[in-house]
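The values are calculated or read from the model by the stated rules, or taken from the named source; none is laboratory data. Predicted model, so just to flag it, every value in this text is computed and none were measured. As a convention, Cβ positions derive from the backbone with ideal geometry for all residues, glycine included, and neighbour counts pool all protein chains shown.
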Amino acid sequence: MNNAMTALTTYTIGWAGWFLTWHFLIGFPLLKKMKLLHFPFWGAQFVFIVNIVLGYFSINLDYSTELQLYPYVESNAKSVAGMSLAIAVFWVFATKDKLLDHADVLVKLFLWLLFWAFLISVIGTLPLYWVPPGGVWLTALRHIKSVPYFYSLFILASALVVFIYKLAYRKTLAYEISPLKLGTQQKTESES
């Protein structure tokens, strides 16, 4: 099997797996309720389609070039894991006096997605500790490693979208009590 076939197979299976992952972690009904979730949902599909197309035209790389790509792939996965963990730690310190049992549904969904992004990112780095001696297995491992990275990246984006929805009411509240609006009301009262 050559590099193109390996990439096509891996990213096509990964694309199909994205639908299963979305169904399990988020659910399709939320796409109707939270319109911004369309960005990570369709964004992941776009990335898989682009990788399928690029994989079709890919060439076989030599062993040294493949090995040079691994630090890049691994650093991306570590970045997603680090971001997820940093947000989770911030959340724990910000809400340390509140019980999670009494938290809003969106808060629970946010944390659910955040930890899944972290877990998938960490699990995705595990195959990197085995480096095949070369050939098609080295290329396959790089492509296989990219799939959990894409999943974790777009699940993290989904968690951030859920958090945006959670904070939406605060924007309205902040606008209602903002000095700018109060200043405008004072001008209109003084004019009358």
Exercise. Say we look at the stretch 139-192 and pick out the residues that are farther than 18 Å from ILE87 by Cα and of a type in the set (Val, Ile, Thr); which of these is modelled with the highest pLDDT?
Worked result: VAL147
For this session: Pairs only if they're at least six apart or on different chains, beta carbon under 7 angstrom, first in the stretch 79-91 and under 16 Å from ILE123 (Cβ atoms), second among the polar types (S, T, N, Q) and surrounded by 19 or more Cβ atoms within 10 Å (Cβ to Cβ); list them, first residue then second.
Result: VAL80/SER121; VAL80/SER152; ALA81/SER121; SER84/SER121
Problem set entry | All positions within the stretch 1-51 that are in contact with a His (Cβ under 9 Å, 6 or more places away or on another chain) and touching a residue at least 12 places away in the same chain (Cβ under 8 Å) | ASN3, THR6, ALA7, THR10, TYR11, GLY14, ASN51
For this session: Among residues belonging to the stretch 116-133 that are over 12 Å from LYS145 (Cβ atoms) and among the aromatic types (Phe, Trp, Tyr), point out the one that is modelled with the highest pLDDT.
Result: TRP116
